[in-house]
Amino acid sequence: MRIAEIHIHKIDLPVKNGPYVMSGSEVHALDSTVVQIVTDSGLIGYGEVCPLGSNYQPQHALGARAALCELAPSLIQQEPLKIQVLNHLMDSVLEGHNYAKAAIDIALWDLLGKHHDVRVCDLLGGALTETVPSYYAIGVTTPENAAEIAVEKVAQGYRRLQIKIGGRPVEYDIETLTKVYEAIGTDAQIVADGNRGMLSKDVVLFSRACKDIPMAIEQACNSITELVSIRPQLAHPIYIDENSEDLSVVIEAAGKRLCDGFGLKLSRLGGISKLRTARDICAAQNIPHTCDDSWGGDIIAAACVHMGATVTAKLNEGVWIAEPYIDGHYDEDKPIKVEGGSIKVPTGPGLGVTPNPDKLGPAVHSF
Ligand SMILES: [Mg+2]
């Protein structure tokens, strides 16, 4: 079996009840890229990458499509089931741009599963659960509103809430977490996520003022250096998210115990192949982590869910998908969605998602 065609689609995903507010940005709509790999046997694999705007990380949507156009010609006529070989090939053609390579890698895993008639989670060692926990991210908002949403989400079944902080005087963040904790107590695990937007002095003030709130603080400062420098002064465990740019960072941070947990993202690391390795590194070091992506539709959501289903329960911090924040699905028959705070693992072969061609629209680039 050989790769016969590659098609790249651009899909607009408006944010429902937006904007989605983080410390450094407001997000009103997302620009997702879907990759379709067509083989000479007729099998089709799907991948997706959807950077969270252009200032969340170095990745951006136009960069993803440009990098995919750079990669695609080399992949035509290659054997799609040799995923590792094709990952090496991609690295030889283009330096970096893990996020674009992730879309190809995901599509190759989808093809491998379809070829063998098994699910991606089973290719990854087998699902430990058929229902993975999700978590809800509450954007930067007033203390009262955050507490109200927290109560609503706990009632819906969420057992982990991420509260966005930063980008404003730290007193508001202290009040926000205080109000949220007063409202939900220990009914859900709480994580305060600064999305790199806070000064180290404010993180110290925040943690000390909230010392009685059981929570983790995620990626509050811009760099690992800042996080490590203030860690002895904090009352809370810290998680690294945006700084886990590639496997080498995860290996170093896990090996040196620079953090207590990770927010791991498929596209940032380079796809399912790389996240599988990160999962195993975290298991070896007993470090909890999520299996997320920044945004996107059913394809990237399915990939995250398959991955999350293979993480041992004590280390599984959940799978975040964008579905609660966007309207519609690529596959209305087998949509990936959060219900009661968790997500069912798709049942079909591969990713278990078959996008409706009308939802993808015409390809913007074809090879
Ligand atoms: Mg985060």
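The values are calculated or read from the model by the stated rules, or taken from the named source; none is laboratory data. Only a predicted model underlies this, so the values are computations on that prediction, with no experimental measurement involved. So basically every Cβ, Gly included, is an ideal-geometry build from the backbone, and we count neighbours across all protein chains shown. Just the protein is used for accessible areas: all its heavy atoms, side chains included, with ligands, DNA and RNA removed. Shrake-Rupley method; radii C 1.70, N 1.55, O 1.52, S 1.80 Å.
Rank PHE367, PHE262 by accessible area, highest first, at a 1.4 Å probe radius? Provide the component values of the computation, followed by the final result.
Details: PHE367 75, PHE262 0 Å².
Accessible-area ranking of PHE367, PHE262, largest first: PHE367, PHE262.
Each part reduced to its alpha carbon centroid, region 168-230 and region 336-367 end up 35 Å apart.
Peptides 209-215, 196-202 ranked from most to least packed, by the mean per-residue count of other Cβ atoms within 10 Å: 196-202, 209-215. Under a Gaussian network description of the chain, with springs only between Cα atoms under 10 Å, the residue in TYR20, TYR99, TYR136 that fluctuates furthest is TYR20. Average accessible surface for region 123-344: 36 Å² per residue, computed with a 1.4 Å probe over protein heavy atoms with every protein chain in place. Looking only at LYS16, LYS256, LYS274, which one moves most when the chain is put into a Gaussian network model with springs between Cα atoms under 10 Å? Residue with maximal mean-square fluctuation among LYS16, LYS256, LYS274: LYS256.
Helical runs assigned H by DSSP (4 residues or longer) give the chain a calculated mean residue ellipticity at 222 nm of -11000 deg cm²/dmol, each run adding -39500 (n - 2.57) before division by the residue total. Surface composition of the chain: carbon and sulfur atoms hold 51% of the protein heavy-atom accessible area at a 1.4 Å probe. Treating only the Cα positions of region 10-109 as identical point scatterers, give the base-10 log of I(q)/I(0) from the Debye formula at each q in 0.11, 0.18, 0.21 Å⁻¹. With one equal scatterer per Cα and no solvent, log10 I(q)/I(0) is -0.37, -0.83, -1.03. Could you work out how far helix 200-209 tilts from the main Cα principal axis of the chain, as a 0 to 90 degree angle to the nearest 10? That helix lies at roughly 60 degrees to the long axis.
Between SER248 and GLU171, the distance separating the two model label sites (each 7 Å from Cα on the Cα→Cβ line) works out to 4.5 nm.
Close amide H contacts of GLN189 (hydrogens built in the peptide plane, cut-off under 5 Å, sequence separation of 5 or more or a different chain): ARG160, LEU161.
Just checking the listed ones, ASN98, ASN356, ASN222: in the Gaussian network model of the chain with Cα springs under 10 Å, the one fluctuating most is ASN356. Per-residue surface analysis assigns HIS88 an accessible area of about 110 Å², computed on protein heavy atoms at 1.4 Å probe radius. Return one number: the angle in degrees, 0 to 90 and rounded to the nearest 10, between the long axis of the Cα atoms of helix 61-75 and the longest principal axis of the Cα atoms of the chain. The answer is roughly 30 degrees.
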